[in-house]
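Asker: Here it is, the structure in full.
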Amino acid sequence: MARSSAYLPLSRHSIYYFRIRVPDQVRHLIPQTHIRRSLQTKCRRETIVRSVSLYFSNIICFVSIVSVQLVSCYLIFIWCLK
């Protein structure tokens, strides 16, 4: 039997869920400590395929939020120097 993963928990109805921790840098914008989404499948192989897509879309989202914050802070800093 395949080993269970912390970021791919099973519901009590044997449906897989995707779970990712919200980074501290964006925690003030996202009120949860973790994001949890149903993968709507009972198949382990399909779960892995769907979770990879969700993982990268979430990472891109988190990186985008952090970069926008850095750019806005930089622009405010430059504006204050004038």
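The values are calculated or read from the model by the stated rules, or taken from the named source; none is laboratory data. All of these numbers come straight from a predicted model, not from anything done at the bench. Cβ atoms come from the backbone with ideal geometry, glycine included; neighbour counts cover every protein chain shown.
Asker: Determine whether the range 3-21 contains at least one residue that is without any contact (Cβ under 8 Å) to a residue 24 or more places away in the chain, part of a loop (DSSP other than H, G, I, E, B), under 15 Å from the mean Cα position of the chain (by Cα) and exposed (fewer than 13 other Cβ atoms within 10 Å of the Cβ).
Answerer: yes
Asker: Oh, and also: Return the pair list, or none, for Cβ contacts closer than 8 Å from residues in the range 42-57 that are under 12 Å from TYR17 (Cα atoms) to residues that are among the polar types (S, T, N, Q) and surrounded by 11 or more Cβ atoms within 10 Å (Cβ to Cβ), at least 6 apart or on different chains.
Answerer: THR47/THR41; ARG50/THR41
Asker: Condition first: surrounded by 14 or more Cβ atoms within 10 Å (Cβ to Cβ) and of a type in the set (S, T, N, Q). Now tell me which residues in the range 35-49 satisfy that.
Answerer: THR41, THR47
Asker: Let me ask something else about it. From (1) modelled with pLDDT of 90 or more; (2) of a type in the set (Ser, Thr, Tyr); (3) touching a helix residue (DSSP H, G or I) at 6+ places or on another chain (Cβ under 8 Å), pick out the condition that doesn't hold for TYR7.
Answerer: (1)
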